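**Q** The structure follows.
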Amino acid sequence: MNSNADTLRKELENIRRSQEKLEHSFAEMQTELRAVKTRMNNAEERISDMEDRIMEITQSGQQTENRIKKLESNIRDLWDNIKRANLRIIGIPEGVEKDKGMENIFEEIIAGNFPNLKDTGFKIQEAQRAPNKLNPNRPTPRHIIIKMAKVSDKERILKAAREKQNVTYKGTPIRISADFSTETLQARREWQEIFKVLKGKIRNLEYSIQQEYHLK
């Protein structure tokens, strides 16, 4: 009888110890889960902070880029305004100005191409080759920049050049254009390419419509 009671007490003690171990293990698991949850929350907060920081950097970078573009645009506008009264003459052979001077060459161009403007009395503020330094490897002559005293005079000459189309100097074809900043010239070239592509597409569309009309 006592032996059975001792055996039962031992089994109960073993069960109690096993239960304590399970409770201890469960408590450790809960502690570990809380620690993992805390680490996950901290990680989420750090990720959120990083995302906010990335957003701030992105917005700051965009703002900086916008400011740079605006500054570049202002500089381009400033240069274009400075060059507002300028004419650019392209195709005059190098060295001819040494004997005659830039102003005399300009007067010859006006008299030879636009007789109705030769007695207008245009005033030139400045005339020079651009760039200033001659590059011996350059296959074409440097351009001549003429700074007119009045913007209206420049516009009259450009209008006459557009109407005549074939402008020459002593039999050599030349070109007279407005003098823009490098950035504006690049933008104009890009737009010209776009217009060229659009014109090609329009011509193709018109041809397709004509073909379809004839088939009907």
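**Q** In units of 2.2 N^0.38 Å, what is the alpha-carbon radius of gyration of segment 29-69?
**A** 1.94
**Q** Å³ per residue of the Cα convex hull, for segment 85-179?
**A** Spread over its residues, the Cα hull of segment 85-179 gives 93 Å³ apiece.
**Q** Near residue 152, within a Cβ-to-Cβ distance under 13 Å, what is the net charge of the other residues, with Lys and Arg +1 and Asp and Glu -1?
**A** Combined, the nearby Lys, Arg, Asp and Glu give +4.
**Q** Applying 1/(1 + (r/R0)^6) with R0 = 41 Å to the Cβ-Cβ distance of residue 159 and residue 65, what FRET efficiency is obtained, to the nearest 0.05?
**A** 0.55
**Q** Oh, and also: Under a point-charge model restricted to the Cβ atoms of Lys and Arg (+1) and Asp and Glu (-1), what is the dipole moment magnitude of segment 85-179 relative to its Cα centre, in debye to the nearest 20?
**A** I would put it at about 260 debye.
**Q** Highest mean first, how do 88-100, 26-38 rank when packing is the count of other Cβ atoms within 10 Å averaged over residues?
**A** Sorting 88-100, 26-38 by mean packing, highest first, produces 88-100, 26-38.
**Q** Related question: Which whole number in µm²/s is D for segment 7-149 by Stokes-Einstein, with the Kirkwood Rh taken over Cα pairs at 4 °C and 1.567 mPa s?
**A** D = 54 µm²/s.
**Q** So, counting K/R as plus one and D/E as minus one, what does the shell of residues with Cβ under 15 Å around residue 138 add up to?
**A** It works out to a net charge of +2.
**Q** For residue 169, enumerate residues with amide H under 5 Å from its amide H, sequence gap 5+ or separate chain, H modeled in the peptide plane.
**A** 174
Read-outs throughout are calculated quantities, based only on the coordinates presented, and are distinct from any laboratory measurement. What you see is a predicted model; the values in this text were computed from it and never measured. So basically every Cβ, Gly included, is an ideal-geometry build from the backbone, and we count neighbours across all protein chains shown.
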